[in-house]
Amino acid sequence: NGRMAASDTGELQITNYGISGIPVFQVSRYISRALYEKQNAQVMIDFLPELEEASLRELFSKKLQHLSENQKAKTEDLLTGILHTKLIPEILRISGIRFSAKLNMIKGAELTRLCEVIKSCRLNISDTNGFDNAQVSAGGVSLKEVDMETMQSCITKDLYLAGELLDVDGICGGYNLQWAWATGYLAGKHAASDL
């Protein structure tokens with residue numbers, strides 16, 4: 001719906017199936033929900049968050065000037081040393097700049113577009129990596145239906161619930177494991193005392 005649901009900063013991994021890494025895990029619950037609700041889901045990636053767009057443009061302008069002395073310089077040479085070599089062809093493609101074209105093809109408009117893509121690359125998300133590859137699951141039994149002191153179901157007597165059976169999912173950092181251990185301990189302790 002055009003609003004930003006979440007943001008995170010950290011190391012991004014580009015994989016054979018899409019994007020991954022801690023920032024992706026942190027925002028994936030929002031993406032998953034949007035996809036489940038048949039909404040469009042999009043991410044915006046800043047590949048060089050330590051540089052302002054104006055500074056990046058200045059860096060490229062200086063590098064263009066330096067590389068212009070080399071008649072064999074190609075478009076990818078502009079990004080070499082700034083972005084990972086495996087990322088360069090895709091950034092150029094999204095920017096509308098042909099990979100391995102002569103460097104003199106990059107003018108003001110192309111340079112502006114290249115900087116925009118590097119600083120705010122928008123990607124449409126079509127799917128998650130599926131339940132079998134999930135690190136955490138969202139959803140489950142509502143906490144309103146559980147006695148939080150014993151972890152016993154308020155609906156079904158002698159049914160004790162813990163961990164990801166409950167509608168709780170935390171951010172990365174061990175919170176989901178701690179939730180599973182703590183609720184598992186409570187559920188086990190109280191289930192055993194009911195025997």
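The values are calculated or read from the model by the stated rules, or taken from the named source; none is laboratory data. Since the structure is predicted, the reported quantities are computational estimates derived from the model, not experimental observations. For neighbour counting, all protein chains shown are included, and Cβ atoms are generated from backbone atoms with ideal geometry for every residue, glycine included.
Okay, here's what the table says:
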read-out	value
Total residues in region 85-98, condition free of Cβ contacts under 8 Å to residues at least 12 places away in the same chain and surrounded by fewer than 12 Cβ atoms within 10 Å (Cβ to Cβ)	1
Conditions (1) at pLDDT 95 or above; (2) surrounded by 15 or more Cβ atoms within 10 Å (Cβ to Cβ): number failed by Thr156	(2)
Any hit, region 4-17, residues being modelled with pLDDT of 90 or more and charged (D, E, K, R)	yes
Residue match in region 127-147 (condition: touching a Ser or Thr at 6+ places or on another chain (Cβ under 7 Å), closer than 22 Å to Leu51 by Cα, not in a helix (DSSP H, G or I) and not assigned by TED's automatic domain parsing to the domain that holds Asn176)	no
Qualifying residue in region 99-121 (condition: in contact (Cβ under 8 Å) with a residue 24 or more places away in the chain, under 30 Å from Glu37 (Cα atoms) and not in a helix (DSSP H, G or I))	yes
Count of residues meeting criterion [exposed (fewer than 15 other Cβ atoms within 10 Å of the Cβ) and within 17 Å of Asp194 (Cβ to Cβ)] in region 132-153	3
Any hit, region 72-84, residues being among the basic types (Lys, Arg) and farther than 20 Å from Ile14 by Cα	yes
Subset of region 14-49 that is among the aromatic types (Phe, Trp, Tyr) and part of a loop (DSSP other than H, G, I, E, B) - its residue that is nearest to Arg3 (Cα to Cα)	Phe47
Top-ranked residue of region 171-190 - restricted to ones that are without any contact (Cβ under 8 Å) to a residue 40 or more places away in the chain and either touching a Leu at 6+ places or on another chain (Cβ under 9 Å) or of a type in the set (Val, Ile, Thr) (or both), ranked as surrounded by the fewest Cβ atoms within 10 Å (Cβ to Cβ)	Trp179
Failed criterion for Lys62 (all others in (1) over 10 Å from the mean Cα position of the chain (by Cα); (2) modelled with pLDDT of 90 or more; (3) in a helix (DSSP H, G or I); (4) surrounded by 11 or more Cβ atoms within 10 Å (Cβ to Cβ) hold)	(4)
Subset tally (residues that are closer than 13 Å to Ser126 by Cβ and surrounded by 15 or more Cβ atoms within 10 Å (Cβ to Cβ)) for region 31-46	6
Val136 vs. criteria free of Cβ contacts under 8 Å to residues at least 24 places away in the same chain and hydrophobic (A, V, I, L, M, F, W, C)	no
